[in-house]
Amino acid sequence: MVGHLRNVHLTEFKGYDGGVQFRRRKTGVNADNLSVQLDHGSGGRATHELVEQVFARAFNNRFLREMNDSALVDIRGGHVAMTTDSYVVDPVIFPGGDIGSLAVHGTINDLCMRGARPMYLTVGFILEEGLLFETLLHIVESMATAAREANVLIVAGDTKVVPKGKADKIFINTAGIGIVPDGINVTGHNARPGDAVLINGTIGDHGMAILCKREGLAFENEILSDSSSLNGLIRELLEACPHIGVLRDPTRGGVATALNEIARQSHVGIRLYEESLPIRDDVAGACELLGLDPLYVANEGKVLVCLPQAAEQEALEVMRRHPLGRAACRIGEVVADEPGRVFMQTHIGGLRLVDMLRGEQLPRIC
Amino acid sequence: MKYLDEYRDPQLAKSLLDALQRRSLPKTPIRLMEICGTHTVAIFRCGLRQLLPPGIQLISGPGCPVCVTAGEDIDRAIWLARQPGVIVATFGDLLRVPGSHSSLHQERGAGADVRIVYGTLDALHMARENPHHEVVFLGIGFETTAPTVAAAVRQAAIEKLDNFSVFSAHKLLPPAMNALLESEDLSLDGFICPGHVSTVIGAQAYRHVATRHKMPCVITGFEPLDLLQGITMLIDQLAKGRAEVAVQYTRAVNREGNPAARKLMDEIFTATDATWRGLGEIPASGLRLQPQWHNYDASVRFAMPHIQVKEHPGCRCGEVLRGVLTPPGCALFGKVCTPQHPLGPCMVSSEGTCGAYYRYRQ
Ligand code: SF4
């Protein structure tokens, strides 16, 4: 490896007729054939094989098959929402998901938070030399499944391979675009005093799934990440309650940080009720053990909703009918006093500030 | 893990609070000190202070290990981080504590190898993995941390790891409590004694405080109901004119504590006079490695220079740690000094009193 440090190798896979089976050599143990090598990023033959046999096959769709330098997609009606996010989670495969599904879910959810209907994604991979194909295949398959389930297409992609030690196994960037239907206006600036604050389920699951895996903490039932695409749920929600003002996914920094952002953007105060926060017992226990506050732990399949009280019941019913919203509930309300701040009424009736996350509580959580 | 809910029950909390409200309390408020930083944070997190009757005041004490670490020890840690070939392993809280001219965090930015660990065993592991580096673990903590550090030293000796050492700035709480009671500007009526530390040292460790200084002591847990019960037990003692060591946190603490952990500490460490931020030098209030373990003692392995400490002139951490000043009384609090730009350790540490006042403003 030394003396051979070409740092970056470009490989683009803008399209290929899928269908070639990826076969691992059955005879002879040749480690080179089991893992990603620098050659796979050289742009030459190995690159083509990788693109053909792994990516194009898994993400197979007509845009990708065109094999041009960029994909042309159809977009009609409404505003176009665009977003991008990079994923560096460690470990790359965790209970309830992996870096691939997370990269699809995360970007889809970011689009949803503006009321957009996600349509197309692009994906960029940074692979570390030596990454096992077995791991790569698992991740790519799971991305393909996540995209299919959410009904979005991965229309363009790029791969680079860096020498061992210059990245950690695999980093993924996804970008996405979606359409915001007319009449929908969802932004962090729209919270109004009197609004109810709802969430679609338990908090802290993703962060604790990662952490328990990392720290080797075991509970009776494994804590699973909540990583999932929220576009189905949000679509139903917006159809039933088009007057929803704010949607926000409490990812890094958790519910506390997301609510602080809303409070600042909308110049309102937010009051939480500790007793109504939905937290799984095992997540609460693991947080206790590790000295963490679940309010600051990341979620990857949750949405915070601020909406007028009149629509609260309807919204809760819609969410609870959806598989990703069974445990939906109200956790607080928007108030006029203390603008820009979040306060929580504690179990025993005290009131305390819930500040933004400072520094990095948990590195490489997504 | 369901058990936690028992100690957070709103109904029970309300009845305990009502009972406290109904009590006839003396005109001058009763002043109870929570020694331990974990208690300070727990009290702020449940918003307990504002629920207590005005006749009961809670005062935060010197029980945050990072906060009481003397400026010269912070500077020595920074000096260690600057030595070539040294990896400094530390708990994360220490990173941003300002020293005279720098912090470990700044040193790391400038290229020093400073790594955060979650336990002493991580540091040992680091030493095994980096045989060509000196790994120095910053031993900052009370009687709860010291046994784990002792275990690491013993393990290093068993493995003959010769690139691992401990910079011991451990502190012992009961001597500091005695020192506080002897100071003239502070008047207290009782101690909420630390739960975790007491699991090691046991209830007997506070006998001296209770008898000699006639100071009621209640070893208390960290949940809202624990705290309410502990406070009630202190008020009961005061009402009856008693001063004894009682245990509220019976599910974790007994009279003896943990003899095995203490034995381990005694095997590796010996008590030494130590300088505390704010409290000055207190006899036999620190721990250093015994001479036979000097191979693992960073202060022996490295010839550390004499360091002239320069502290921020406006920072009043010392008074905050002694309980004679609350953070808003510091002119810098929240204006110049915030968790992003901390001027003193009490704002940096997750258990620091200034940090708790800032984060949970009530
Ligand atoms: S607020 Fe800052 S400067 Fe003032 S005492 Fe606390 S740590 Fe020191």
Buried accessible surface, A vs B, both sides, probe 1.4 Å, in Å² to 100, equals 1900 Å²
For chain B, longest principal axis from Cα atoms; helix B:224-239 axis from its Cα atoms; angle between them, nearest 10 degrees, is 60 degrees
The range A:311-358 and the range B:96-171 have their Cα centres apart by a whole-number Å value of 42 Å
For chain A, longest principal axis from Cα atoms; helix A:133-150 axis from its Cα atoms; angle between them, nearest 10 degrees, is 50 degrees
Here the relative contact order (percent) of chain B, from C-alpha pairs under 8 Å and at least 6 apart, is 21 percent
The convex hull of the Cα atoms of the range B:59-176, divided by residue count, gives a volume in Å³ per residue of 102 Å³
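Looking at chain B, which longest stretch skips every one of the trypsin sites (Lys or Arg not before Pro) that is in a DSSP loop with at most 16 other Cβ atoms within 10 Å, leaving the sites themselves out? All intermediate terms of the calculation are to be shown ahead of the outcome.
On the way: sites that count: B:2, B:23, B:27, B:160, B:214, B:240, B:242, B:251, B:255, B:310, B:335, B:361.
Excluding the exposed sites themselves, the longest stretch runs over B:28-159.
DSSP loop (so not H, G, I, E, B), at most 12 other Cβ within 10 Å: list which GluC sites (Glu not before Pro) in the range B:141-203 pass both filters. Write out the running numbers ahead of the final one.
Values: sites: B:143, B:159, B:182, B:184; in loops: B:143, B:184.
Here the GluC sites (Glu not before Pro) that fit, given the DSSP loop and packing criteria, are B:184.
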Helix A:312-321: inclination vs chain A longest Cα principal axis, degrees, rounded to 10, gives 40 degrees
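Tell me the relative contact order for the range B:219-362 as a rounded percent, counting alpha carbon contacts under 8 Å between residues six or more apart. Let's see the in-between values first.
Numbers: 131 pairs, mean separation 17.6, N = 144.
Result for the range B:219-362 is 12 percent.
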Expressed in nanometres to one decimal, the distance between label points 7 Å along Cα→Cβ at residue A:317 and residue A:293 is 3.6 nm
Two pseudo-spin positions, 7 Å from Cα along C-beta at residue A:326 and at residue A:69, lie apart in nanometres by 5.0 nm
Here P(r) for the range B:206-312, Cα-Cα distances in 10 Å bins, as whole percents, is 12, 25, 30, 21, 10, 1
Computed on Cα atoms only, the convex hull of chain A has an orientation-averaged projected area in nm² of 20.1 nm²
Share of accessible surface on carbon and sulfur in the range B:275-362, whole %, 1.4 Å probe and ligands ignored, is 55 percent
One point scatterer per Cα, no solvent, Debye formula: log10 I(q)/I(0) for the range A:273-336 at q = 0.17, 0.20 Å⁻¹ comes out as -0.72, -0.93
The simple spin-label model distance between residue A:132 and residue A:148, using points 7 Å out along Cα→Cβ, in nm, is 2.4 nm
What the 5 Å binned alpha carbon P(r) of the range A:220-272 shows, as percent of pairs per bin from 0, is 4, 14, 19, 19, 21, 14, 5, 3, 1
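What number comes out for accessible area per residue over the protein assembly as shown if the probe is 1.4 Å? Units Å², please.
43 Å²
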Partner aspartates and glutamates whose C-alpha sits under 15 Å from that of residue B:240, ignoring same-chain residues fewer than 8 away, are B:189
In this structure, the FRET efficiency calculated for residue B:121 and residue B:244 from their beta-carbon separation, with R0 = 45 Å, to the nearest 0.05, is 0.75
Taking a ≥ b ≥ c as the square roots of the eigenvalues of the Cα gyration tensor, with a/c under 1.5 meaning rounded and otherwise prolate when a/b exceeds b/c and oblate if not, the range B:247-293 is oblate
Given a Förster distance of 41 Å, the FRET efficiency implied by the Cβ-Cβ spacing of residue B:27 and residue B:207, rounded to the nearest 0.05, works out to 0.85
For residue B:335, the lysines lying under 29 Å Cα to Cα, once residues fewer than eight places off in the same chain are dropped, come out as B:310
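With a/c under 1.5 counting as rounded, go ahead and sort the range B:258-320 into rounded, prolate or oblate using the C-alpha gyration tensor (a ≥ b ≥ c being the square roots of the eigenvalues; past the cut-off, prolate if a/b is larger than b/c, else oblate). Intermediate values should be presented prior to the final figure.
Numbers: a/c = 3.28, a/b = 1.51, b/c = 2.17.
Oblate, since a/c reaches 1.5 and b/c is not below a/b.
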The range A:97-148 and the range B:266-342 have their Cα centres apart by a whole-number Å value of 49 Å
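Do the sum for chain B: with -39,500 (n - 2.57) for every DSSP H run of n ≥ 4, divided by all residues, what is the mean residue ellipticity at 222 nm, to the nearest 500 deg cm²/dmol? Kindly include the intermediate steps, with their values, before the conclusion.
Working: 17 runs with 142 residues, N = 362.
Calculated at 222 nm, the ellipticity per residue is -10500 deg cm²/dmol.
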Yeah, the range A:131-242 with a ≥ b ≥ c from its alpha-carbon gyration tensor (a/c under 1.5 is rounded, else prolate when a/b outruns b/c, oblate otherwise) is oblate
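What's the carbon and sulfur percent of chain A's accessible surface, probe 1.4 angstrom, rounded to a whole number?
On the way: 7590 of 15630 Å².
Accessible surface attributable to carbon and sulfur in chain A totals 49 percent.
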hull vol. (C-alpha, convex hull) per residue for the protein assembly as shown, Å³ -> 181 Å³
Only helices counted: for chain A, with every DSSP H run of 4 or more residues adding -39500 (n - 2.57) and the sum spread over all residues, [θ] at 222 nm is -8000 deg cm²/dmol
In units of 2.2 N^0.38 Å, the Cα radius of gyration of chain B is 1.00
Residues of the range B:35-49 that bury at least 30 Å² of accessible area, probe 1.4 Å, when all protein chains are present rather than the chain alone, are B:45, B:46
Note on the range A:196-353: C-alpha Rg/Rh, Kirkwood Rh, two decimals, gives 0.97
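Below 8 Å between Cα atoms, with a sequence gap of 6+, how large is the relative contact order for chain A in percent? Don't skip to the answer; put the middle values down first.
On the way: 865 pairs, mean separation 75.3, N = 366.
After rounding, I find 21 percent.
The values are calculated or read from the model by the stated rules, or taken from the named source; none is laboratory data. Bear in mind the structure is a predicted one, so any value in this text is a computation, not a measurement. Don't worry about glycine lacking a Cβ; one is built from the backbone with ideal geometry, like all the others, and counts go over all protein chains shown. Ligands, DNA and RNA are excluded from the accessible area calculation, which covers all protein heavy atoms including side chains. Shrake-Rupley method; radii C 1.70, N 1.55, O 1.52, S 1.80 Å.
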